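The values are calculated or read from the model by the stated rules, or taken from the named source; none is laboratory data. Predicted model only: the values in this text are computed from it and were never measured. Every residue, glycine as well, gets a Cβ built from its backbone with ideal geometry; the counts of neighbours run over all protein chains shown. With ligands, DNA and RNA removed, areas are computed over all heavy atoms of the protein, side chains included. Shrake-Rupley method; radii C 1.70, N 1.55, O 1.52, S 1.80 Å.
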Amino acid sequence: GGTMKRRAGEREKELKKKKLLEEIGENKLPYLTPSDADFHQLWKTKYSKLIFRKSDTVPEELHQMVQESFLTLREHNCFFQDLVRIKSKDFLTPVSRILIGDPGCTYKYLNTRLFTVPWPTEGYDIKYCSPQIHDACKALMKLNDYLHIEAVRALQGQNLFDTKEIKDTTVIDREQSFATSVMEQESVSKDQSSVCVAEDDRSLKNRTSYNLTLLNYMDPLQMLYLKQEPYFGMGNMAVSWHHDENLVERSTVAVYSYSCEDSTLQASNEQELKGRDPAVWHVGLKVAWDIETPGLAVPLHQGDIYLMLDDLNMTHQHCVLAGLSPRFSSTHRVADSSRGTLEYIIGQCELALQNLQTDSESMAVSLKSLEAAVVKQVEEIHNEVEFEWLRQFWFQGKRYLKCTDWWLKPIAKLEEFWKKLEIMTSLILSEVRKEQQIEDQRNETISCFLLLLKERQKLRKEWTAR
């Protein structure tokens, strides 16, 4: 049922996209950059949940640690292009990535599950391949803590911001106005957060407690081909328009951007260009499925931070527009961990194995129940551990061994569970062949069992082909 709903949703999105492009035709939609007169007003009215922090608001020591960690991970070849699956076809992402976060946490996007390289967490025995990789993960953990505090402040400031009357101001210096508006929001959040509209602390914490960061790296000059932004004519895209997937509802996404700029690449800033400067990296934003509201292209320089608050990730889409210099980013998320942690999948396996019993004398194994509901639950867990975890890990997760071997023991444990689940499938097969069961009960068990076996066979063929 979930798969059919997802496919229907994807079809609907494709039709919407096709219709939008047809309506636009050759006439691209308008978009604004900080040099446009209405930029500040548009941000305030249509994009107010995008909060920007200029690099000079971030402690210099943190900049240094984080930027060193990016370079260390690149030196150790820890960034990888992901093989993602879109409409039953595999594609390599133009951006190279690595996932760092809470031990045992995973993040799934475009049918690909990434496994965290754990950051140094108290109470866990994590061995890194080098002290430098340990230090890099520790620096990103510190950035994570810093961004959590910034996100809480921003959300508190937003509550206050939403309730007070906003007066229009005449834009004198547009670039300065853009920077000032950002700083005003920051001072509101820092100085007046104690008197802002109260929000449930637990909800605030849940929506800002990042459990992982997806690091990205791309050198545009090494890319033979980059997609053109289709709606506004914003130029080369590093990442196409999207909503971030697999997140806790209304959670904040925080992004630290580090483009390795040099003076030659920044020379085009001196010119008066229409639209965005193609030499500079930008984040693009648009209201989802809307051809009335102009888009935004916000420049990203070394050490800038932006936060997508509350439901912005659901109501709007964003893309990343490539500049000319190589760029790293650390994108901190509250991943929905309800089905994505090691603790969860081990719990599922243990639940399934409750239906297996061993005779204390003969040591023969048998099933406690053949009820359709029990069989269905066990076989669904069997499919989940095989296709969502084991095959995903061995398909591309093992490359993270360049950083740490932390996942090897848990994966070995899951493989042991899987072997027992295979035995349970064999036991079900032999039991349903026997005649002595009540016919209706037997038919019900067989029909739900066969459905899941067919699904398993289909998925095994797909994975073998990949």
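Mind listing just one residue for me: the one in the stretch 34-48 that is assigned to a loop (DSSP other than H, G, I, E, B) and under 28 Å from the mean Cα position of the chain (by Cα) and, of those, farthest from A151 (Cα to Cα)?
Among those residues, the one meeting the criterion is P34.
Out of all the residues in the stretch 119-139, which are of a type in the set (A, V, I, L, M) and either farther than 16 Å from R74 by Cβ or without any contact (Cβ under 8 Å) to a residue 24 or more places away in the chain (or both)?
Hit for the stretch 119-139 is I126, nothing else.
Provide a single number: the residues in the stretch 214-225 that are open to solvent by less than 20 Å² (accessible area, probe 1.4 Å) and either touching a helix residue (DSSP H, G or I) at 6+ places or on another chain (Cβ under 8 Å) or assigned to a loop (DSSP other than H, G, I, E, B) (or both).
Of the residues in that region, 1 qualify.
Hey, among the residues in the stretch 430-442 that are open to solvent by 50 Å² or more (accessible area, probe 1.4 Å) and in contact (Cβ under 8 Å) with a residue 12 or more places away in the chain, which one's farthest from L83 (Cα to Cα)?
The residue in question is Q441.
Charged (D, E, K, R), over 33 Å from the mean Cα position of the chain (by Cα) and farther than 24 Å from L114 by Cα - does that describe any residue in the stretch 447-460?
no
Please verify whether the stretch 298-316 includes one or more residues that are over 24 Å from F70 (Cβ atoms), buried (at least 22 other Cβ atoms within 10 Å of the Cβ) and over 20 Å from the mean Cα position of the chain (by Cα).
Scanning the stretch 298-316, I find no residue that is over 24 Å from F70 (Cβ atoms), buried (at least 22 other Cβ atoms within 10 Å of the Cβ) and over 20 Å from the mean Cα position of the chain (by Cα), so the answer is no.
Here is a list: I86, I126. Which entry is in contact with a Leu (Cβ under 9 Å, 6 or more places away or on another chain), open to solvent by 20 Å² or more (accessible area, probe 1.4 Å) and among the β-branched types (V, I, T)?
Result: I86 is the single residue among I86, I126 that is in contact with a Leu (Cβ under 9 Å, 6 or more places away or on another chain), open to solvent by 20 Å² or more (accessible area, probe 1.4 Å) and among the β-branched types (V, I, T).
I'd like to know if the stretch 443-465 contains one or more residues that are at pLDDT 95 or above, within 30 Å of L73 (Cα to Cα) and either assigned to a strand (DSSP E or B) or open to solvent by 70 Å² or more (accessible area, probe 1.4 Å) (or both).
No, because not a single residue in the stretch 443-465 is at pLDDT 95 or above, within 30 Å of L73 (Cα to Cα) and either assigned to a strand (DSSP E or B) or open to solvent by 70 Å² or more (accessible area, probe 1.4 Å) (or both).
Suppose we filter E371, E386 for residues that are crowded, with 20+ Cβ neighbours inside 10 Å and among the charged types (D, E, K, R); which single one remains?
None of the other options fit; the residue is E386.
Is there a residue being touching a helix residue (DSSP H, G or I) at 6+ places or on another chain (Cβ under 9 Å) and surrounded by fewer than 16 Cβ atoms within 10 Å (Cβ to Cβ) anywhere in the stretch 91-109?
Scanning the stretch 91-109, I find no residue that is touching a helix residue (DSSP H, G or I) at 6+ places or on another chain (Cβ under 9 Å) and surrounded by fewer than 16 Cβ atoms within 10 Å (Cβ to Cβ), so the answer is no.
Identify all residues within the stretch 49-75 that are assigned to a loop (DSSP other than H, G, I, E, B) and either outside the structural domain of V280 (by the TED database) or surrounded by 17 or more Cβ atoms within 10 Å (Cβ to Cβ) (or both); write none if there are none.
So in the stretch 49-75, the residues assigned to a loop (DSSP other than H, G, I, E, B) come out as 49, 54, 58-59.
Selection gives K49, V58.
Can you tell me which residues in the stretch 321-343 are open to solvent by less than 40 Å² (accessible area, probe 1.4 Å) and of a type outside the set (S, T, N, Q)?
L321, A322, G323, P326, R327, F328, H332, R333, V334, A335, G340, L342
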